[in-house]
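Report on one structure; see the data block that follows.
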Amino acid sequence: MKLKTCTRLLFLWAMLLVPGLVLAQPPRGPLVVSPKVNADKTITFSYLAPTAKSVELSAQFEKGPVPMTKDAQGIWSVTVGPVKPDIYPYSFRVNGVTVMDPANVAFFPNERFKASLVDVPGDQPLIHAMRDVPHGSINYEYYPSMEGTTGSLVVYTPPGYDQNPSKKYPVYYLISGTTDTEETFFKVGKTNLILDNLIAEGKAKPMIIVMPYGNIAARVAEQKGGSKPADPTVRDGADAVKRANDFTTDLVSNVIPYIEKSYRAIPNRENRAIGGFSRGGGQTLRTAFNHMDKFAWVCAYSSYLSPQEMDGNFSQIVNKPDQTNKQLKLLWVSVGSDDFLYKGTVEFMDYLKAKKVNYKSLITDGGHTWMNVKTYVAATTPLLFQP
């Protein structure tokens, strides 16, 4: 009798919970597959929004927004292209509001915007494609940073790192741009796959790659309960330089010691490289020029320092070019011809040439994009740590 009563009570309790369970489920609708890369390199994008008045596609391979059309189920779609094989950010504008693609798990890590990513494969695997080669590992690390905060890093270790515990490796410190995070070189730049493929082809030396978060001021504010400060409005203004110097302090005083304690890194300047994109490129140049005893390999992607800053803060670099050229095994500068930083970057190259400071350069098509960044990473990493 008691068993029957308990069973009835359990049944009634379960039935009472059912409405709550139903209410807790996300709204359902027709299945949406997006994006769909077609065999002819066209791409079909779709977005479920039955009550929306307008939906547009915004993609980095298009010159402007592309209107989408709605079907009877409320799914908005558009097919564009063919599109040149690469990885591109895109988003939707729904009634004027920018949103990610909810049907796509691949996204662009960024402080300011959240875009989705579409990968258009080549007829032959591109340098950033997943190939059947030995793969390295990606690790997320936390380290003691400035003002009592905890910093975050993404660290790539090359294939074979865990299998050969006695071997040590050179390290490439690789810094993302303004509003990017420590994940961007990994998730958008596919740096791990580029290195896997280059190492497998014998084109690059196995190396550790350390990807730090570049916005120290934002992290300090977040962890101290403050508001994220606005980005500097002048690239070489006092605020920008101070923040770059704070990043330099954090990298040299905190990140490098942490990495050389936690990983099998070769701890000398000949086996340390530093590089970065956009703001990260400016941080790269300022850090390297202030610490020539720390880095022998320097790569600036879509970035530069002005002649005024070079003359004022780094006269030791340009006034003794023979010494600089002996110290730097590589100084690399690259930019896209449509990049909004093209003019300043080319002026920087001309300045270095006039001062007889040796450098290698690459000017590509395209703008201030992560498509170009992947090209620069693939071009520079084979040069690093070579005799």
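The values are calculated or read from the model by the stated rules, or taken from the named source; none is laboratory data. No experiment lies behind these values; they were computed from the predicted model shown. Ideal geometry is used to build each Cβ from the backbone, glycine not excepted, and the neighbour counts take in all protein chains shown. Areas reflect the complete protein model, heavy atoms only, side chains present, ligands, DNA and RNA absent. Shrake-Rupley method; radii C 1.70, N 1.55, O 1.52, S 1.80 Å.
Structure notes:
- With Cα atoms, 0 to 90° folded angle of helix 342-354 axis to the chain main axis: 20 degrees
- When Rg and the Kirkwood radius Rh are both evaluated on Cα atoms of the stretch 282-387, their ratio Rg/Rh stands at 0.95.
- Long-range amide H partners of Trp332 with built H, under 5 Å: Val298, Cys299, Ala300, Lys360
- For the stretch 141-148, backbone phi angles converted through the Karplus equation (6.51, -1.76, 1.60; θ = phi - 60°) give residue-by-residue couplings of 10, 10, 9, x, 10, 6, 6, x Hz, Gly and Pro being listed as x.
- Pairwise Cα separations in the chain fall into 20 Å bins from 0 onward with the following percentages, short to long: 25, 50, 20, 5, 1.
- FRET efficiency, Glu62 to Asn139 (Cβ-Cβ, R0 35 Å, nearest 0.05): 0.45
- Positive-end extreme of charge dipole, the chain - chosen from Ala273, Ser306, Val133 (charges on Cβ): Val133
- Residues with amide H under 5 Å from that of Glu62, placed H, sequence gap 5 or more: none
- Accessible area of His135 (1.4 Å probe, protein heavy atoms only, ligands and nucleic acids ignored): about 80 Å².
- Length added when fully stretched, Leu362-Lys320, from 0.36 nm per residue minus Cα-Cα: 12.6 nm
- The simple spin-label model puts a point 7 Å past each Cα toward its Cβ; for Lys224 and Val80 those points are separated by 4.2 nm.
- Between Lys53 and Arg112, the modelled labels are 2.8 nm apart [label points 7 Å from Cα along Cα→Cβ].
- Close amide H partners of Tyr169, meaning residues 5 or more places away or on another chain with modelled amide H under 5 Å apart, are Ala265, Ile266.
- Backbone geometry of the stretch 322-329 corresponds, through the Karplus equation with coefficients 6.51, -1.76 and 1.60 at θ = phi - 60°, to 3J(HN,Hα) couplings of 4, 5, 4, 5, 6, 6, 8, 6 Hz, x marking Gly and Pro.
- Length gained when the stretch Leu31-Lys242 is fully extended (0.36 nm per residue, less Cα-Cα span): 70.9 nm
- For the stretch 184-208 and the stretch 366-386, distance of Cα centres in Å: 11 Å
- Computed label-point distance, nm, for sites Asn95 and Asn164 using a 7 Å Cα→Cβ extension: 5.9 nm
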